[in-house]
Amino acid sequence: MLQRTIHEKESVDLSSAPWTMHEFFAGSGLVAYGLMGMFAPVWANDISEQKAAVYKANFGDKYFELGDIKNINGKDLPFAHLSWASFPCQDLSLAGSLGGIHASRSGLVWEWLRILDEMYEKPKILLLENVLGLLSTNGGNNYRMLHLALVERGFDCGAIVLNASHFAPQSRPRVFVIAVRHGCNIPDSLVGDGPCWLHNKAATNLGESLPNWIWWKTEKPPRRVELLKDIIEEDVPFDKDNVLKLIPMRHQIKLDGHDTVYATGYRRTRHGEQQLELRFDGIAGCLRTPEGGSSKQYLIVKKDGETHARLLTVREAARLMGAPDTFLLPGTYNDGYKAMGDAVAMPVVQFIGSRFLTKIAEAVYDD
């Protein structure tokens with residue numbers, strides 16, 4: 001039934017927009033969806049067959065190229081106003097190997113730069129997205145190398161930090177590097193003379209020491225009202241009550257102190273013992289990919305005198321990423337969970353597109 005629904009559903013048309021984009025490491029397509037009406041993708045690429053299936057189920061396959069970025073030649077790509085690259089984070093994440101920006105996975109960002117070098121006409125606007133470790137690991141040198149590589153190619157740039165929790169009930173801080181061709185006109189309203197709410201300590205330290213840094217600024221978004229309980233599928237059975245015994249005493253005391261609780265938790269090993277550590281602030285922890293036993297997030301609900309547990313559903317994961325319920329997630333539970341755990345939160349993309357990228361494009365391409 002699911003396959004028939006996928007084939008019958010008309011693809012979302014992303015082509016109506018004043019500007020165009022390349023979408024590197026496109027994943028499940030939430031970047032393209034978030035920039036709908038602002039930047040139309042003319043070329044997209046990812047190596048994952050599972051993520052490609054999600055992308056194509058929702059947007060078709062007219063411009064999606066499945067394959068290794070190492071095999072792509074910039075001369076073969078159509079012109080685009082923006083190049084977006086959400087490059088792999090495993091070697092920069094504090095939960096990963098910390099191999100650095102030249103390691104095998106996160107180092108694929110250099111392939112993206114190679115492709116830019118090969119293009120006949122390069123975009124004047126670039127955006128790179130990654131985890132906070134891009135700024136903080138290796139004493140900031142991972143970011144420094146990337147920043148200087150962009151400067152060498154004629155770009156001015158600056159990094160900002162945005163948490164998806166501004167828009168959806170998920171803690172998901174991410175780094176967004178916005179780069180603009182040197183000498184292009186940038187609206188004064190987007191540039192400050194120092195750090196603002198968009199800059200953490202690591203970004204501030206880097207900005208104060210690097211050449212051609214842009215202090216991007218904008219107003220904070222309105223306060224989020226949606227809570228974890230608002231995205232829950234109420235009719236899903238609880239089948240993981242066995243993990244309740246792993247809740248540490250300090251969290252059990254908090255749980256006992258409330259009549260109704262919606263909390264999420266991950267299993268972690270502390271002092272050689274498994275624990276289910278919960279958060280009680282009305283938002284979920286950061287979604288991850290489903291590899292490994294502790295990578296899936298549990299939902300704990302205390303209600304009407306009973307406490308139960310289960311895993312977050314794929315649809316709940318999609319809602320935490322800001323994807324509408326019409327967004328198709330074909331494949332297995334793990335396929336859908338990975339597609340969302342590796343994605344960029346859609347409302348964050350919308351915010352960056354409307355607050356920064358469209359305004360920059362209007363100024364840069366009207367020069």
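Every read-out reported here was derived from the displayed coordinates using simple, explicitly stated rules and does not represent laboratory data. Predicted, not measured: the structure shown is a model, and the values here were computed from it. Positions of Cβ are backbone-derived with ideal geometry, glycine not excepted, and every protein chain shown enters the neighbour counts.
Could you tell me the center-to-center distance, by alpha carbons, between segment 11-29 and segment 256-304 in angstrom? So the two Cα centres are separated by 34 Å. Sorting the segments 126-135, 233-242, 19-28, 51-60 by their residues' average number of neighbouring beta-carbon atoms within 10 angstrom, most packed first, yields 19-28, 126-135, 51-60, 233-242. Residue-wise HN-Hα couplings along segment 50-56, as the Karplus relation 6.51 cos²θ - 1.76 cosθ + 1.60 with θ = phi - 60° gives them from phi, are 5, 5, 4, 5, 5, 4, 5 Hz; Gly and Pro carry x. The alpha-carbon of Lys296 sits under 28 angstrom from the alpha-carbons of these lysines, leaving out residues fewer than 8 places away in its chain: Lys51, Lys56, Lys229, Lys240, Lys245, Lys254, Lys338. Using equal-weight Cα scatterers in the Debye expression, the normalised intensity of segment 158-251 in log10 at q = 0.15 Å⁻¹ is -0.75.
For segment 16-68, what class follows from the C-alpha gyration tensor (a ≥ b ≥ c being the square roots of its eigenvalues): rounded when a/c is under 1.5, otherwise prolate if a/b is larger than b/c, else oblate? Verdict is prolate for segment 16-68.
Judged by the gyration tensor of its Cα atoms, with axes a ≥ b ≥ c, the chain is prolate; a/c meets the 1.5 cut and a/b is the larger of a/b and b/c. Principal axis analysis of the Cα atoms in segment 213-286 yields extents of 49, 35, 24 Å, listed in decreasing size.
Simple spin-label estimate for Thr289 and Asp256 gives 4.1 nm between the two label positions (7 Å along the Cα-to-Cβ direction from each Cα). Dividing the summed helix terms, -39500 (n - 2.57) for each DSSP H run of n ≥ 4, by the number of residues in the chain produces a 222 nm estimate of -7000 deg cm²/dmol to the nearest 500. Karplus-derived 3J(HN,Hα) values for segment 14-25, using 6.51 cos²θ - 1.76 cosθ + 1.60 with θ = phi - 60°, are 9, 7, 8, 7, x, 10, 10, 8, 9, 10, 7, 6 Hz; glycine and proline are entered as x.
For segment 171-319, report the % of Cα-Cα distances exceeding 20 Å. Cα-Cα pairs of segment 171-319 separated by over 20 Å account for 61 percent. Taking 7 Å steps out from each Cα toward its Cβ at His308 and Lys245 produces label points 2.0 nm apart. With a simple spin-label model that places each label point 7 Å from the Cα along the Cα-to-Cβ direction, the separation between Ala149 and Glu234 comes to 5.0 nm.
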